[in-house]
Structures are given as structure tokens and as C-alpha cells.
Amino acid sequence: MGSEQQRLAELRSLIAHHNNRYHVRDEPEISDAEFDRLFRELQELEQQHPEWVTPDSPTQRVGAQPREGFPTVEHTIPMLSLDNASNLEELRAFDARLRRFLKREEIIHYTAEPKYDGVAVELRYDEGRFTLGSTRGDGRTGEDVTHNLKTIRSLPLRLQGRPAPKLLEVRGEVFMPLEHFDRLNRGRLAEGLEPFANPRNATAGTLRQLDPRVSASRPLDLFVYGLGRGKESLELGYQSELMTRLAELGFKVNPRCVSGVDIEGVAAFHAELERDRDGLPYEADGTVVKVEEFALRERLGELERSPRWAIAYKFPARQETTQVKKIRCYVGRTGVLTPVAVLEPVRIGGVTVVHASLHNQDEVDRLDVRVRDTVLVERAGDVIPKLVKVVGEKRPSRTRRYRLPSSCPICGSPTVRLEDEVAVRCPNLACPAQVKERIHHFGSRRALDIDGLGEKLIDQLVERGLVRRPSDLFALDQETLAGLEHMAAKSADNLLVAIERSRDAALDRFLFALGIRHVGERLAGVLAQHLGSLEALLKTNHEQLEAIPEVGPIIAESVRAFLDDPANREEITRLRSVLRLAGVPAAARAKSAALKGKSFVLTGTLSEPRATVQERIEAAGGKVTSSVSSRTNYVVTGESPGTKLRKAESLGLTTIDEAELRQLLESER
């Protein structure tokens with residue numbers, strides 16, 4: 001596999017991962033702009049090599065998988081996503097591209113409206129009555145959220161006017177108005193609850209509540225702008241006519257839009273919208289641009305992922321200036337030294353930013369960032385802050401260039417930088433920082449999932465010499481754990497139960513837990529699926545590894561180097577003696593279980609002993625954890641639920657009672 005094919009596989013894996021983080025888990029890791037760059041790079045590679053395009057490429061699908069826990073709905077007409085333009089040049093190029101395709105010199109007229117930062121939905125009306133509402137999901141399959149959509153006052157349960165179309169599918173965006181979002185958060189703070197992170201997450205979490213009373217208590221709103229099936233019955237020719245007709249049917253349409261304008265008119269609308277952005281009553285991150293005439297849309301058609309006749313013209317990222325207080329150096333589990341700028345706290349996009357990764361020495365040199373510099377920091381829809389540039393004219397006198405240390409800041413070993421890498425590393429595998437990170441990775445949720453193995457506990461275990469490698473975890477006992485700070489007997493017992501449970505490990509999770517360089521969660525699954533056992537992997541040579549799909553020469557070399565290292569082989573031997581490895585990947589095993597590995601938290605007094613309820617959930621493939629987190633699928637509530645319920649509500653998690661749990665178990669049989 002060549003370097004371009006290797007990059008292709010890497011891009012597909014990255015995009016799939018970030019799609020899941022954004023659309024399914026509502027926990028994005030990178031900015032929209034960074035995601036767009038990855039997607040464009042993949043598109044360009046596939047355009048250069050169309051023979052490499054596969055049906056499962058992210059360019060051949062629309063979005064992310066629907067979240068588990070709700071009935072699914074198939075969209076007869078896919079709900080496509082939009083390509084993006086990030087500047088005026090790209091917007092004009094979009095217009096030129098359409099005119100070339102249509103072979104016309106005359107002006108194309110467009111409709112422009114705000115691009116809402118909410119949740120896209122489809123609303124089905126049979127004989128004028130609202131019967132089904134679903135989220136966009138992956139564009140082809142979404143989630144049935146009818147009961148929660150019914151709580152939105154601006155959604156008509158019956159269409160106005162006569163006669164009603166026999167079938168009509170209306171598409172729009174559910175959002176939480178900023179005024180209501182702020183009021184909701186003020187109320188939560190007054191009650192001692194955690195506020196919601198942003199309106200979009202609050203909206204997504206509200207639509208995923210099994211109890212519509214929770215949805216009704218959180219004020220959502222809806223704008224509509226398009227149709228699925230049934231549009232031919234309305235006999236419309238233009239987007240402006242559609243918006244008028246939707247309003248006549250009783251829907252809420254946004255008056256802030258413009259129709260019948262050329263591309264320069266779109267640009268003017270976008271500039272005005274951007275100027276007014278902070279005064280809008282809802283979150284918007286750009287302008288949606290559509291060809292106005294439906295007949296032209298038919299001629300233009302659609303690509304696999306997006307309509308050719310529409311584009312999203314994005315606002316530039318939100319930026320603020322602040323000062324670099326210091327630059328710290330962190331050591332990761334592979335020994336890589338990462339410089340991180342510690343910033344004077346600054347609010348960007350509703351979040352206080354205090355750190356920004358500088359990634360490596362090359363990036364530090366490129367930016368020429370120094371302590372006490374004034375810097376421009378960007379966040380926008382981004383989750384991870386990015387240092388954009390140094391404001392040179394504000395640099396104080398007598399600053400010094402930053403260099404990563406020549407010795408590890410944790411263990412003092414001389415650092416190295418390999419000829420073909422940008423990373424500076426600590427080569428000492430026994431470095432406490434690396435050991436801690438490796439233990440943390442080994443017990444993380446996506447690896448062996450040892451609940452309760454947190455950072456502070458790992459610090460104590462490593463610093464006291466109780467754990468030097470992952471296999472040492474399985475030698476811990478109750479007396480040792482109970483003697484640690486903040487570890488009572490009950491906490492120690494819970495951790496030991498979690499460690500014992502982790503002994504039944506799927507091969508893909510085990511391979512991911514080992515922390516082999518370049519082997520992420522997806523690639524670990526690929527290796528497990530193709531090889532079937534650890535023994536087979538240990539015997540596989542470089543050429544055989546490279547023959548596996550998605551495994552190129554770099555990954556094959558990394559896997560083989562890890563497995564051939566004597567210390568690693570010794571640790572694998574130790575782990576094999578304490579684990580019960582299953583060759584089938586966790587995802588494949590989950591398909592045979594009713595609850596497919598869903599995570600549950602129990603709170604309040606239940607009608608049966610908790611151990612009985614837990615056993616029933618685990619027998620169906622689920623997992624019961626002691627604490628609520630954003631990754632919890634269900635919080636089961638009994639009488640007098642405690643703070644776990646409040647935290648679940650603050651995170652927008654699904655809460656169910658015992659009757660609903662029984663229904664869930666029975667429906668999955």
C-alpha cells in the first residue's frame with residue numbers, strides 16, 4: 001500500500017471517528033473547520049484515484065450512525081448534508097461550477113437563509129395529521145422522536161387549510177432559543193445543577209429523552225425549510241413559494257431570508273447576517289445557499305453525500321486575544337513531549353479557555369510563540385482551542401524562544417527526535433509519566449473499561465510502586481487499595497469488581513488497550529476481525545500484516561516492532577495469564593446480546609434488590625456503572641432518586657423508570 005493509500009485509510013478512520021463524536025455522542029473533539037479540511041482532503045484523494053472509492057467511505061454516506069436506544073426510521077428520500085464554503089472565493093466558485101454544469105451564461109437566482117446550529121428533523125403528516133418525527137441520523141436512518149417533537153409549541157399537530165395532502169414530509173431544524181437557553185441555565189445554577197454546555201447539546205439531549213415531560217420542560221423551537229415525499233402534491237416551482245406555502249400550512253418559517261438574488265446578493269446577505277450574529281435569537285454558524293428554482297435543482301441533481309444545488313457558507317471562527325502565561329511540557333503514554341500554552345483565561349464561544357496545545361516543536365517555531373506573548377485564539381464551533389497567531393506588535397521586550405527540554409521533565413532521561421518524525425520523545429519506557437498514561441489508557445472505557453480507575457488513583461498506584469505495568473492491576477487486593485488516600489473499603493471493593501469484570505476481554509479491546517502506536521480503536525477491530533486470535537497476531541509477519549485492509553507498511557512496522565520488543569512480549573505473556581481473551585471483536589459479540597453493551601446507572605430505591613436488576617441488565621449484554629457520565633446510555637430511576645438524576649438531566653441523558661426498563665429488555669428479545 002502506497003503513502004497515498006495509507007493516508008486515504010487514515011482519513012477514513014479519522015472522519016468516521018469524528019462523525020461519531022459529533023453526531024452520536026455530542027462530544028466533538030475537533031473544530032468544524034478541521035473536520036471540513038479532513039473531508040476535503042479525502043474527497044481530493046478519491047477524485048484523483050476514483051478506483052479507490054469504496055461503498056463504506058465517508059464520502060459515500062451522509063453523516064453518523066443514529067444513537068442507540070430509540071426506534072429507527074428510514075428516510076425514503078435521504079436527508080443529505082451540505083458541502084461548505086469558507087470564504088467568498090469558494091462561494092463564487094460554487095456559482096461558477098453550477099453555471100458550467102448547466103452550460104448557461106445567465107445569472108442563477110438563489111435563496112439564502114441562516115444556517116441554524118440545531119438538530120435536523122423530518123416530520124411526517126398523513127391526511128394532514130402529524131404521525132411521525134425523526135432525527136436526521138446518518139441521513140438514511142434516524143431516530144423516532146415523535147413524542148418529544150409533539151412538545152414543541154411551534155410544531156402543528158394538524159396542517160392548516162383544506163384539502164390536506166395525503167402524505168407530506170416536512171424538514172426543518174429544532175433549536176433552543178438563546179433567551180430560553182440562558183434562562184434554563186440560570187435556573188439550573190440556582191438549583192445547584194450543572195448548566196448545559198451550549199444550545200445545540202441541550203437540544204439534542206432533550207430530543208433523546210424517553211420522558212416527554214422532560215422535553216416539555218425545556219423550551220425548544222422549530223423552523224422548517226424543505227420537503228421530502230409529497231412535495232409534488234403542492235405544485236411549487238420555487239423555494240420562495242415553498243416557504244410561503246409552509247407558513248400557510250401552519251409552520252414557523254424564518255422571515256430572515258432572501259430569495260431571487262444572484263451570488264453577490266447572497267454574499268451581501270451573509271455579510272449582514274454575520275454583522276448581526278451576536279444579536280440573533282438563536283445560534284447560527286453561517287448561511288445556507290440554495291438554487292431558487294426547483295426545475296434547475298432537478299437538472300443539477302445530487303451527489304452521493306450532498307445536493308449539487310446547495311452549499312453552506314460558514315461564518316469565520318470566533319477568535320479572541322489573550323496572553324500566554326507559561327508554556328508547559330507534558331509527557332504522553334508513547335513518550336511524546338507536547339508543549340501546551342497556559343493562557344490568561346478568556347471566554348470564547350461561551351467557554352472559558354485556559355489551555356491550547358502547541359503540538360510539537362515545529363509548530364512552536366512556526367508560530368514563534370513565547371511566554372508573555374499576546375496571541376489570537378480560535379474556538380468557534382470548535383471544542384479544542386487553537387492558537388492562530390502571535391500579535392507581534394504587542395510582544396514585550398526580552399522574551400525568549402521556547403525549546404522543548406533536552407531531558408524528560410519527569411524522569412530526566414535525555415530526549416530524542418528521530419530523523420523522520422516531528423515528535424520529541426522520552427525513550428524511557430519506565431518513565432512514570434508514560435506508565436501513568438499507559439495504565440490510564442489500558443483501563444479506559446474504550447479499552448478494558450475498568451470503572452473507577454481514575455487519574456488520581458493511578459498517580460498513587462504508580463508513585464507508590466504498586467503498579468508498574470497493566471498486568472500489575474490484576475494483583476491488587478482489597479487491603480492494599482483500602483490503604484490508599486480517598487479509597488474506602490467500599491470503593492476498593494467496587495474497583496476490584498471492575499477489574500475482575502475486565503478479565504473477560506474481547507480481542508479488539510485488548511489490542512487497543514496495549515497502546516500500540518498507530519493502532520487505534522478501529523484498526524484494533526480490523527486486526528481482530530481478520531486474525532481472530534492473539535496467537536495468530538503474534539505469528540503474523542510484516543508482509544502478512546500489510547496484506548490486511550487498512551494496514552499499510554508504517555502500521556505493519558509499528559505492530560511488528562511492538563510485538564518483537566522483549567519487554568512487550570513479557571507483558572503480553574503476563575496479561576494472557578490473567579485475562580480470558582475472546583477472539584471475536586466486542587462489536588460482533590454485542591450483536592448477539594439484547595442490550596448490545598449499553599451503559600446503565602441505577603439511582604433511587606428499586607422494587608427489587610439492585611444486584612438482581614444489575615444481573616438482569618448484564619445478562620442482556622448491558623453494563624451497570626456507579627457514576628453518571630456523558631457516555632451513560634440510560635439512568636434507571638426508582639423512588640427518591642438522588643443527585644445522579646440531577647446530573648443525568650444536566651447532561652441531557654435518557655432517564656427511564658423500572659417499567660420502561662422492563663419494556664426495553666422485552667422489546668430487545
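The values are calculated or read from the model by the stated rules, or taken from the named source; none is laboratory data. Since the model is a prediction, treat every value here as computed from it, not as a measurement. For neighbour counting, all protein chains shown are included, and Cβ atoms are generated from backbone atoms with ideal geometry for every residue, glycine included.
Overview of values
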{"quantity": "Of residues in the range 255-310 being at pLDDT 90 or above, of a type in the set (D, E, K, R) and outside any helix (DSSP H, G or I), the one farthest from VAL174 (Cα to Cα)", "calculated": "ASP262"}
{"quantity": "Number of positions in the range 106-124 that are part of a strand (DSSP E or B), of a type outside the set (D, E, K, R) and touching a residue at least 60 places away in the same chain (Cβ under 8 Å)", "calculated": "8"}
{"quantity": "Wholly enclosed helices (runs of 4 or more DSSP H) of the range 427-518 bearing at least 3 residues touching a helix residue (DSSP H, G or I) at 6+ places or on another chain (Cβ under 9 Å) and surrounded by fewer than 18 Cβ atoms within 10 Å (Cβ to Cβ)", "calculated": "455-463, 478-482, 489-502"}
{"quantity": "Flag for GLN65 being assigned to a helix (DSSP H, G or I), at pLDDT below 85 and out of contact with any Lys or Arg (no Cβ under 8 Å at 6 or more places or on another chain)", "calculated": "no"}
{"quantity": "Out of PHE35, PHE101, sole residue that is at pLDDT 90 or above and over 30 Å from PHE600 (Cα atoms)", "calculated": "PHE101"}
{"quantity": "Where a residue in the range 528-543 is more than 21 Å from GLU571 (Cβ to Cβ) and assigned by TED's automatic domain parsing to the domain that holds ILE516 and its partner, wherever it lies, is assigned to a helix (DSSP H, G or I) and of a type outside the set (Phe, Trp, Tyr), with Cβ under 7 Å and at least six apart", "calculated": "HIS542/ALA556; HIS542/GLU557; HIS542/ARG560"}
{"quantity": "Residues of the range 150-176 that turn out to be under 30 Å from the mean Cα position of the chain (by Cα) and buried (at least 17 other Cβ atoms within 10 Å of the Cβ), as a count", "calculated": "11"}
{"quantity": "Residue in the range 130-147 that is touching a helix residue (DSSP H, G or I) at 6+ places or on another chain (Cβ under 7 Å) and farther than 16 Å from THR206 by Cα present", "calculated": "yes"}
{"quantity": "Count of the range 307-357 residues which are free of Cβ contacts under 8 Å to residues at least 40 places away in the same chain and not assigned by TED's automatic domain parsing to the domain that holds VAL377", "calculated": "0"}
{"quantity": "The lone exception for LEU132 - which of (1) more than 29 Å from GLY265 (Cβ to Cβ); (2) assigned to a helix (DSSP H, G or I); (3) hydrophobic (A, V, I, L, M, F, W, C) it fails", "calculated": "(2)"}
{"quantity": "When residues of the range 332-355 are limited to those that are at positive phi and at pLDDT below 80, the one surrounded by the fewest Cβ atoms within 10 Å (Cβ to Cβ)", "calculated": "GLY350"}
{"quantity": "Filtered residue count, the range 532-578, keeping only those that are crowded, with 17+ Cβ neighbours inside 10 Å, within 29 Å of the chain's Cα centre (by Cα) and hydrophobic (A, V, I, L, M, F, W, C)", "calculated": "5"}
{"quantity": "Strands (runs of 3 or more DSSP E) enclosed by the range 600-669 - at least 3 residues per element that are buried (at least 16 other Cβ atoms within 10 Å of the Cβ) and at pLDDT below 80", "calculated": "none"}
{"quantity": "Count - residues of the range 73-105 that are surrounded by fewer than 14 Cβ atoms within 10 Å (Cβ to Cβ), acidic (Asp, Glu) and in a loop (DSSP other than H, G, I, E, B)", "calculated": "1"}
{"quantity": "Every residue from the range 244-254 that is in a helix (DSSP H, G or I) and touching a helix residue (DSSP H, G or I) at 6+ places or on another chain (Cβ under 7 Å)", "calculated": "ARG245"}
